[in-house]
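Comments concern the structure below.
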Amino acid sequence: MHLGIIMDGNGRWAVQRRLPRAFGHKRGASRVTEIVRICPDLNIKTLTLYAFSTENWQRAAHEVASLMKLFRGYLQNKFIELVENNVKVVFLGDTKPIERDIVLQMRKLEKATCNNDGLTLNIALNYSGRDEIIRVAKKIAKDCKSEILKIEDISDNLFQKYLDTKNQTDPDLIIRTAGNQRISNFLLWQIAYSELYFTETTWPDFSPEILKNILEVCKNRIRTYGTTSKKEKLIKSLNLNL
Ligand code: IPE
Ligand code: IPE
Ligand code: MG
């Protein structure tokens, strides 16, 4: 399955402890490592983490700088572990505003892991769903103009092939930590039929144990994609009677 996580609440976690917000981000980064490691055991084939939105640049310069420092450190320190653990890393988002050395490390990691076939780890960095859709629209328009595509070719399927998540399945479940019940510009195209789960736990307090419990709770949700399936209704009623 494909799981997406909006890792929220780092700042609140720190403020509640009278610590600078950067401490919350640091602790949040160590949670990423734990969650990435547990995914194969939980049958999660793709994990998409929302690390930094296109709107997050508007935060105080020192907070943005501390986040960039963390990304830089993550890319350096986790490189070998990700390669050796058969993780395929894909970055979602627009790399243009990101510092050059970080982008080079991102490309290096993508290249080094591109043939791995274990967990696919999508890291959304300078990402927003609207920005992704606009980038797709521009690429499609360009390909129509240069006659690589015809307007009639544009379909759901074709659009998917232009997304940062091209050739991946859509998320089955999106979890947002820290209590806010909103999407904040995460994967807008891809979450059309995703299940949503909101937890009060902040990201620095999240754990593999909490993830296991959420998956347990969500596994009985029946997805009908706009249809009514007799078979699924039957399963549901059987579950209710157990
Ligand atoms: C999520 O935590 C991390 C990023 C957005 C980069 P926040 O920093 O948004 O934490 P809160 O929401 O302020 O508590
Ligand atoms: C969403 O969280 C972005 C990430 C988790 C990277 P934000 O904290 O930036 O979003 P809002 O401000 O609550 O909508
Ligand atoms: Mg937040």
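List of remarks:
- Residue satisfying all of: in region 183-197; of a type in the set (Phe, Trp, Tyr) and in a loop (DSSP other than H, G, I, E, B); most open to solvent (accessible area, probe 1.4 Å) among these: 193
- Test: residue in region 35-49 that is within 16 Å of ligand 3 (Cβ to nearest atom) and either in a helix (DSSP H, G or I) or not aromatic (Phe, Trp, Tyr) (or both): yes
- Check on residue 180, polar (S, T, N, Q), part of a loop (DSSP other than H, G, I, E, B) and within 16 Å of ligand 3 (Cβ to nearest atom): yes
- Of the helices (runs of 4 or more DSSP H) lying entirely inside region 80-170, those containing at least 2 residues that are open to solvent by 20 Å² or more (accessible area, probe 1.4 Å) and of a type in the set (Phe, Trp, Tyr) span 156-162.
- Filtered residues of region 17-28 (kept if closer than 22 Å to residue 80 by Cα and surrounded by fewer than 21 Cβ atoms within 10 Å (Cβ to Cβ)): 26, 27
- Screening residue 64 with (1) in a helix (DSSP H, G or I); (2) open to solvent by 40 Å² or more (accessible area, probe 1.4 Å); (3) without any contact (Cβ under 8 Å) to a residue 24 or more places away in the chain gives one miss only, at (2).
- Flag for residue 14 being among the small types (Gly, Ala, Ser), over 15 Å from residue 119 (Cα atoms), open to solvent by less than 70 Å² (accessible area, probe 1.4 Å) and more than 17 Å from the chain's Cα centre (by Cα): yes
- Any hit, region 62-71, residues being among the aromatic types (Phe, Trp, Tyr) and within 16 Å of ligand 3 (Cβ to nearest atom): no
- Within region 229-242, at least one residue is of a type outside the set (A, V, I, L, M), closer than 29 Å to residue 160 by Cα and surrounded by fewer than 17 Cβ atoms within 10 Å (Cβ to Cβ).
- When 216, 200, 209 are screened for being within 16 Å of ligand 2 (Cβ to nearest atom) and either of a type outside the set (Phe, Trp, Tyr) or outside any helix (DSSP H, G or I) (or both), only 200 passes.
The values are calculated or read from the model by the stated rules, or taken from the named source; none is laboratory data. Keep in mind the model is a prediction, meaning the values are calculated, not measured. Here Cβ is always computed from backbone atoms with ideal geometry, including for glycine, and neighbour counts include all displayed protein chains. What goes into the accessible areas is simple: the full protein's heavy atoms, side chains included, and nothing from ligands, DNA or RNA. Shrake-Rupley method; radii C 1.70, N 1.55, O 1.52, S 1.80 Å.
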